[in-house]
Amino acid sequence: MHPAFSVIFFTTASGAGYGLVTLLSIMQAGRVLPADPMLGLAGFIIAFALITAGLLSSTFHLGHPERAWRALSQWRSSWLSREGVFSIATYLPAGIYAIGWIFTDWRGGLFTLTGMIAAILSMQTVYCTAMIYASLKTIHAWSNRWVPIVYFSLSIMTGALLLNALAAAFGYFHAAFFWTAEIAIVVAAIVKMQYWRYIDTTPGPSTAETATGLKGKISLLESPHTQENYLQKEMGYRIARKHAAKLRQLAIAAGFVAPVLLTTLANMSPPATAAALAVLAVLVAAIGVLIERWLFFAEAKHAVTLYYGATSA
Amino acid sequence: MTSLPERQPETKLGLVIDLDICVGCHACAVNCKEWNTGGHSAPLTDYDPYGADPSGVWFNRIHSFEVAGENGDNRTVHFPKSCLHCDDAPCVTVCPTGASYKREEDGIVLVNADTCIGCKLCSWACPYGAREYDQDEGVMKKCTLCVDKIYNENLDVESRVPACVSTCPAGARHFGNLGDPSSDVSLLVAARGGYDLMPEQGCKPTNKYLPPRPRKTGPGATGAPHALTPQVADGGGAFLRWIDKVLSR
């Protein structure tokens, strides 16, 4: 599938933002993270900026961005519509929670509950994003149970790294931030490897034989057009296996290995160095996750390519 | 409303395509383009039509496949493909705006160009490549089964069939109600073993394909050999070698 930058940026940025909102409210509810107004201001600005920039970016690839509001109407059947509804619904509790955190002394049970509702809606939005892809039977690399797990774990991982950097920047150190980040990275790495193993070892349900219904060895003699058509440009994107293997290694190194090491190093360093290393971990992980998401599209093969000479999809 | 109709339409208009007859002339694709560029989803935009890299919106495409069968039974199969107007059309249910819909009265799948946001998700959901993105208009387009032709009372009755069907010079395309088991198209499908494309995708397409008829495997009544045996290169003697040389010039 054609890796469109707007969608790669949207899914990674909003995933990190929703992960941060979720962890801010969980850590605050667990009284691990003090409800420091300045930390809240920085945290929610980062989270909302990531979410909002992602959502806006996702509308850029539309043919008619001015009609994007219509996408909220078909939540009964469409995961894309559900994603739109939940992403907007999340703003309400998350916004109230952020205002309460930053500008008021409101710290009761209702405050914590508002935060938890924001966390649940955040994760629900991430799930909807994943299900847009996981519900497409036409793409074997997406239509499997690993996809929502990958989206959840990477959202929490990037959120945890952001939280760890944020807390360190404000001089708050707690084993919970460190361990959440470290465990989230390891879990995300294992999940992503399992995902890659799954798509490498299982064939898609469709073949050139089922696509055409013809019996025998089928090869494309003539394409319908002399030039590439929309389907080939959008669905026919192919990445060489050796390039994909290199990029996977890069995604693992930048997305998982480096952040684990940097976070460990930060945990052993004096506060100022710790904050700098934690921020560096976020930036390196961002590169890794962007490569991971680029591969998620570039490696996905669409069933329609079977009509254009692909031997598997 | 992008949920599918609650009850399956009783009338299921669709096409039956005979792969035994299609000669791969692309006339159906050309006439499709001609009719539809002035029809319901007009225009069928072309990009760089007279330049070095022309492309554009097409609702109908003809692929040509080489099929290597057993015992050297190889053949070329021309394979026209357009929207199959599926019963369980995933392009309809994924649509976030309700622009994509399946008609209850005849099962035709259409796009409302006034509410389509051009997110392309329907083209990702369709395994058959029936969806087209018009980058000039920013909306998705697709085969309408010539909805503006088949019900058009200004046309002669015999012209009220999709453009691809009326133009096919070989008679490889049939149009009718596949929801009625006693219709001509349903009988044809039953008689010839018509099948669905990619049944494993679960879309339950309305359009059916008729397989190429089995070829005679024996040498036939003429006594001719099944395949010619290669001539020995050096077997002709000097005169024939000279003839070969002269003719090969």
Between region A:84-157 and region A:159-231, how many Å separate their Cα centres? 20 Å
Between B and A, accessible area buried - total, square angstrom, nearest 100, 1.4 angstrom probe: 4500 Å²
Whole-Å distance linking the alpha carbon centroid of region B:125-154 with that of region A:1-31 is 37 Å
Suppose only helical runs count, i.e. DSSP H with n ≥ 4. What mean residue ellipticity at 222 nm does that imply for the protein assembly as shown under -39500 (n - 2.57) per run, divided by all residues and rounded to the nearest 500 deg cm²/dmol? -15000 deg cm²/dmol
Surface accessible to a 1.4 Å probe, per residue, for the residues of chain B, Å²: 48 Å²
Shielding by partners - mean other protein chain Cβ count within 10 Å, residues of A:73-84: 6
Computing the accessible area with a 1.4 Å probe over protein heavy atoms, can you report the carbon and sulfur percentage for chain A? 71 percent
Cα-Cα longer than 22 Å, checked against A:LYS301/B:LYS81; A:LYS215/B:LYS208; A:LYS137/B:LYS33; A:LYS233/B:LYS12, kept in input order, equals A:LYS137/B:LYS33; A:LYS233/B:LYS12
Mind giving me the FRET efficiency for B:ASP136 and B:CYS25? R0 is 25 Å, r the Cβ-Cβ distance, nearest 0.05 is fine. 0.30
Antiparallel DSSP beta bridges within the protein assembly as shown, percent to nearest 5: 90 percent
Under the definition of partner shielding as Cβ atoms of other protein chains within 10 Å of a residue Cβ, what is the mean value for peptide B:41-54? 1
Simple label model, 7 Å out from Cα along Cβ direction - B:TYR195 to B:ASP88, nm: 1.9 nm
Give me a single rounded figure for A:302-310: the average over its residues of other chain Cβ atoms within 10 Å of their Cβ. 5
At a threshold of 8 angstrom on Cα-Cα distance, excluding pairs fewer than six apart, so keeping six or more, what relative contact order does region B:13-210 reach in percent? 29 percent
Would you please classify the overall shape of region B:13-210 from the alpha carbon gyration tensor, given that a ≥ b ≥ c denote the square roots of the eigenvalues, rounded means a/c under 1.5, and beyond that prolate means a/b larger than b/c while oblate covers the rest? rounded
In square angstrom, what is the accessible area per residue of region A:105-200 with a 1.4 angstrom probe? 38 Å²
When the chain is fully extended, how far beyond the present Cα-Cα distance does B:LEU228 get from B:SER183, taking 0.36 nm per residue of separation? 11.7 nm
At a cut-off of 30 Å², which residues of region B:186-205 become less accessible once all protein chains are present than in their chain alone, using a 1.4 Å probe? B:TYR195, B:MET198, B:GLU200, B:GLN201
So if we plug the beta-carbon distance of A:TRP106 and A:PHE173 into 1/(1 + (r/R0)^6) with R0 = 22 Å, what FRET efficiency do we get, rounded to 0.05? 0.25
B:ARG75-B:THR37 FRET efficiency (beta carbon distance; Förster radius 45 Å; 0.05 resolution): 0.85
Convex hull around the C-alpha positions of the protein assembly as shown: the volume in Å³ per residue is 206 Å³
At a 1.4 Å probe radius, carbon and sulfur cover how many percent of the accessible area of chain B? 54 percent
Ranked highest first by the average count of other Cβ atoms within 10 Å around their residues, in what order do B:125-131, A:203-209, B:138-144 fall? B:125-131, B:138-144, A:203-209
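The values are calculated or read from the model by the stated rules, or taken from the named source; none is laboratory data. Keep in mind the model is a prediction, meaning the values are calculated, not measured. Positions of Cβ are backbone-derived with ideal geometry, glycine not excepted, and every protein chain shown enters the neighbour counts. For the accessible areas, the whole protein counts, side chains as well, though only heavy atoms, and no ligand, DNA or RNA atoms are used. Shrake-Rupley method; radii C 1.70, N 1.55, O 1.52, S 1.80 Å.
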